[in-house]
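A short worksheet on the structure shown next.
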There are 2 protein chains.
Amino acid sequence: MITLYDLEFADGARPSPFCWRTKFALAHKGLAWQEVPIGFGEKDKIAFSGQKLVPVIVDHAHDDKPVHDSGRIAAYLEQTYPDKPLLGADPAFARFVSNWTNSVLHAGLFSLIVGDMHARVRPQDSDYFRQSRAKWLGTEDLAGFQAAARASRLAAFRQSLEPLRLQLRAGPYLSGEAPAYPDYIVASAFLWARTASVFALLDDADPIVAWRERMLDLYGFRDRQKAAA
Amino acid sequence: MITLYDLEFADGARPSPFCWRTKFALAHKGLAWQEVPIGFGEKDKIAFSGQKLVPVIVDHAHDDKPVHDSGRIAAYLEQTYPDKPLLGADPAFARFVSNWTNSVLHAGLFSLIVGDMHARVRPQDSDYFRQSRAKWLGTEDLAGFQAAARASRLAAFRQSLEPLRLQLRAGPYLSGEAPAYPDYIVASAFLWARTASVFALLDDADPIVAWRERMLDLYGFRDRQKAAA
């Protein structure tokens, strides 16, 4: 059994894209896990990990070993549970997809849903979320920032996803015939959005939508997403 | 021996990024090749390949087999000359880097140097180049388009390369400790620019510059680039 510390918003929503990466990795490996939800103000719950960011796992089958950082967790799981390879034959591939996702997909997507995200955090985390995101965005008006982004940036955001569309021409998954960690990295970004916002990031006819549906069908994650109502 | 049909600009310059990919692949495999330069108006020289685009190779060691398309050439070389693996253990990696390069890097870079490129084509190809590129860009004023792009798009272009910078934090090459086809794909885009333009696409302090220098040191390609004077 593995314990996963996962960021919680209101109503039990768990949007953290980096925690989604770990949930996909655990499910891919066929490992059972239990989740401990923590709010933005409850970082003391993961102080034992020596840092303040989720995800953190504790592997009870291996002396309650704690591991933090989604990338390090993926590498730990691959080494400790080598069945059902997760990272593929070339770890540089997952690394590049992660670097692209972090710098392009996350940044573009965040602008488009930051107001909805703010509306979904737990009441006691609302001020912290607004003030910390204001430092990145230059304004505390997160709803206004989101509205402006939807008006001016949506087309560029969709265009920035062209590498995914081209990749999906070669097979049903970004990794080819079967899903692997690169797929989970990108899917986690979309699950981040879906658990906090109903905004249509993509056109229904976009081939990325069909792939996202395939990803939601894996491991029963469609029910786990707890989409914003 | 292999014959490579390579696109030629004025003064023997050979900017085609897809031909650079094939030159890198041949050099990586340690294969000897001879180049046949062709201009935009000389597609009849490669009519034997059944299509109109370079690169085309003819492998004289295997019944003068013709292969076209840089991706198919890389796969052919990997299969036919398996020593010194080129594509890495996971072909989806090179595919994703190619898809990113084609849709992001090439598009951004082309806007910034299209005027310089036009100035470098062979005189007899000048009208063809201007008219064909005007269809993509919406104007025949390629120099004006370039000037406007340099004024308005350079910062966004540099920002779009962030996945490369993040990737290079993990090792000297995009592929890790040693260069492989993903490095060649991206380096070929920069060689495309360098053979036609002296415009500073990158800030000197950019870690991508140091990587580009490492790529130019491979296989003596620094001399091959025939940079615009």
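The values are calculated or read from the model by the stated rules, or taken from the named source; none is laboratory data. This is a predicted model, so every value here is computed, not measured. Every residue, glycine among them, receives a Cβ derived from its backbone with ideal geometry; neighbour counts consider all protein chains shown. Areas reflect the complete protein model, heavy atoms only, side chains present, ligands, DNA and RNA absent. Shrake-Rupley method; radii C 1.70, N 1.55, O 1.52, S 1.80 Å.
Worth a mention:
- For the pair B and A, total buried accessible area rounded to nearest 100 Å², probe 1.4 Å: 1900
- Ranked from shortest, the separations from the 7 Å Cα-to-Cβ label point of residue A:138 to its equivalents in the other copies are 2.5 nm.
- Contour excess over end-to-end distance, with Cα ends at residue A:169 and residue A:218 and 0.36 nm allotted per residue: 15.6 nm
- Shown for the stretch B:163-191: residues covered by the partner protein chains by 50 Å² or more of accessible area relative to the chain by itself (probe radius 1.4 Å), namely B:163, B:166, B:167.
- Distance (nanometres) between label positions extended 7 Å along Cα→Cβ at residue A:148 and residue B:80: 5.7
- Cross-link partners of residue A:65 among lysines (Cα-Cα below 22 Å; sequence separation of 8 or more within a chain): A:23, A:29, A:43, A:45, A:52, A:84
- Going from the chain on its own to the full set of protein chains, the stretch A:79-94 has these residues losing 20 Å² or more of accessible surface (heavy atoms, 1.4 Å probe, no ligands, DNA or RNA): A:89, A:90, A:92, A:93.
- Probe 1.4 Å, protein heavy atoms only - accessible area per residue of the protein assembly as shown in square angstrom: 42
- Estimated FRET transfer efficiency when R0 is 41 angstrom, pair residue B:11-residue A:43 (beta carbons, to 0.05): 0.10
- Less than 5 angstrom separates the built amide H of residue B:65 from those of B:59, all sequence-distant by 5 or more or on a different chain.
- Relative contact order (percent, whole number), the stretch A:2-80, Cα cutoff 8 Å, 6+ residue spacing: 37
- MRE, 222 nm, helices only [DSSP H, n ≥ 4, -39500 (n - 2.57), over chain A, to nearest 500]: -15000 deg cm²/dmol
- Listed residues B:62, B:106, B:118, most fluctuating in chain B (Gaussian network, C-alpha, under 10 Å): B:62
- Put simply, when B:21-31, A:70-80 are sorted by average Cβ atoms within 10 angstrom per residue, most first, you get B:21-31, A:70-80.
- Rough spin-label spacing in nm, given labels placed 7 Å along Cα→Cβ, for residue B:52 and residue A:34: 6.7
- Carbon and sulfur %, accessible surface of the protein assembly as shown computed with the full protein complex present, 1.4 Å: 53
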